[in-house]
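Visitor: I am attaching a structure below and will ask some questions about it afterwards.
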Amino acid sequence: MSPRASTTAKRAQRATPNRITADPPNTKAGTVASWATSPATRRAMQANRRRDTAPEMAIRRLVHASGLRYRVDARPLPTARHTADMIFTRARVAVFIDGCWWHGCAEHYRPPASNAGYWAAKVARNRERDRLADEALVAAGWAVIRVWEHELPESAARRIEAAVRAARHRQRPGQRPVPGSCRNDQSRCSPPARGR
Ligand SMILES: [Zn+2]
């Protein structure tokens with residue numbers, strides 16, 4: 001497993017349409033191999049890389065409205081290549097918003113009819129990468145929140161907020177967390193775009 005592959009997979013994931021689907025995104029039967037292996041196609045996908053999917057934006061807006069500040073699409077550990085969708089640097093909380101297809105959600109992932117073995121292996125590799133990333137982050141003292149793209153944004157935002165406040169509380173046990181009062185990391189704020 002190479003870090004490069006991890007980055008490519010992440011970019012490919014972000015390039016997918018924001019919908020929950022039982023089919024591999026952006027593929028047609030018979031084009032799977034070239035889609036996955038052609039450098040030209042990969043470059044095109046990277047150029048068209050899609051950030052800020054609707055679930056991500058909804059979650060970011062809710063968390064931002066709660067007063068928490070975070071960095072978007074950032075590496076929690078400078079020495080590792082894992083890129084999280086949101087990080088809370090001081091609280092050391094990393095959030096990954098996982099696509100149901102690419103990360104093998106039990107509710108929505110269905111192996112495709114064609115090239116089933118190829119795709120099953122690919123999703124298995126993604127899941128293994130996720131697991132290793134989680135382990136590395138936890139070992140470095142981070143809390144990891146994984147959100148499925150099918151999860152309600154409100155529910156995801158509540159989980160994230162609870163994790164961040166709990167982490168800050170652990171780091172400063174003398175202080176009681178007051179909802180809405182955390183203003184740490186404001187200089188790193190990435191306000192969500194409006195009207196999307
Ligand atoms: Zn799902």
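Visitor: Enumerate the calculated ³J(HN,Hα) couplings along the range 150-164 in order (Karplus 6.51 cos²θ - 1.76 cosθ + 1.60, θ = phi - 60°), each rounded to whole Hz, writing x wherever the residue is Gly or Pro.
Guide: 7, 6, 4, x, 5, 5, 4, 4, 5, 5, 5, 4, 5, 5, 5
Visitor: Going by average Cβ neighbours within 10 Å, how do the peptides 58-70, 108-120, 91-103, 125-137 rank, with the highest at the top? Intermediate results must be reported in sequence, preceding the final value.
Guide: Values: 58-70: 19.6, 108-120: 14.5, 91-103: 23.2, 125-137: 16.2.
Sorting 58-70, 108-120, 91-103, 125-137 by mean packing, highest first, produces 91-103, 58-70, 125-137, 108-120.
Visitor: Give me the number: length gained by fully extending ALA116 to THR79, i.e. 0.36 nm times residue separation minus the C-alpha to C-alpha distance, one decimal in nm. Could the numbers behind the result be given before it?
Guide: Values: separation 37, 0.36 × 37 = 13.32 nm, distance 3.47 nm.
Extra length available between ALA116 and THR79 comes to 9.8 nm.
Visitor: Across the range 51-188, how large is the tail of the calculated P(r) beyond 23 Å, expressed as a percent of all Cα pairs?
Guide: Details: 3536 of 9453 pairs.
Result for the distance tail: 37 percent.
Visitor: Given R₀ = 35 Å, what would the calculated FRET efficiency be for ALA106 paired with HIS169, taking r from the Cβ atoms and rounding to 0.05? Spell out each step's value before the answer.
Guide: Working: r = 32 Å, r/R0 = 0.92.
Between ALA106 and HIS169 the formula returns 0.65.
Visitor: Quick check: convex hull over the Cα atoms of the range 73-128, volume per residue in Å³, rounded to an integer?
Guide: Values: hull volume 5.2 nm³, N = 56.
Convex hull volume per residue, Cα atoms: 92 Å³.
Read the figures in this text as sums done on the coordinates, not as results from a lab. These numbers were taken from a predicted model, which means no experiment stands behind them. Cβ coordinates were reconstructed from backbone atoms using ideal geometry, including for glycine residues, and neighbour counts include every protein chain displayed.
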